[in-house]
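Right, one structure below, let's go through it.
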Amino acid sequence: MTVFKRVLVATDFDEPASCAVDVAVTLASTFEAELLLFHAYWFPPIGYATYAEGLCWPTADISAQDAKVFDALVAKVKLRYPRTEGILVDGEPWGAILQAVKDRGADLIILGTHGRRGLSRVFLGSVAEKIVRLSPVPVLTIPGRVDSEANARAIPPVSG
């Protein structure tokens, strides 16, 4: 049986990430593993400015707000599982997650998934897809409650 010693769970503060954090707390406590709660805030490169002329990113305000929300989440998770450490970085999420896995020696990644399809996936990309494809360690993806319910309705019943 595989025993995980250091579990990294990434959050973007949305509902699928909340489900992933719940699973991560359960798994980390089952294995008595260290839990690394991770968030990366990222701003598109300046190259996007040609499409948003005159747009100014209030980066300091956004990163300060993210830090405040993240600190509150870390404190809340630590009440449930004291062996939790928060990691907050500035960087493109998929690359920052893989770098944190390497730097911190995580042996499992847990991610919430949005289940985007079509144009929204093309334009927004899929952090989970990149991580699953490139990760050197196992990745557990957790759909949000809404996605799980929609998928259950979409799967035809098995006739016997």
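The values are calculated or read from the model by the stated rules, or taken from the named source; none is laboratory data. Remember, it's a predicted structure, so these values are computed and weren't measured experimentally. Positions of Cβ are generated from backbone atoms using ideal geometry, with glycine treated the same way; all protein chains shown enter the neighbour counts.
Residue count for the range 16-35 satisfying the condition of being assigned to a strand (DSSP E or B) and either polar (S, T, N, Q) or surrounded by 24 or more Cβ atoms within 10 Å (Cβ to Cβ) (or both): 1. Being modelled with pLDDT of 95 or more, out of contact with any helix residue (DSSP H, G or I) (no Cβ under 8 Å at 6 or more places or on another chain) and part of a helix (DSSP H, G or I) is true of residue 96. Inspection of the range 111-121 finds a residue satisfying the criterion of being of a type outside the set (S, T, N, Q), modelled with pLDDT of 95 or more, closer than 21 Å to residue 20 by Cβ and surrounded by 14 or more Cβ atoms within 10 Å (Cβ to Cβ). Assessment of the range 55-64 against the conditions (closer than 21 Å to residue 15 by Cα and either touching a Cys at 6+ places or on another chain (Cβ under 6 Å) or at pLDDT 95 or above (or both)) yields no matching residue.
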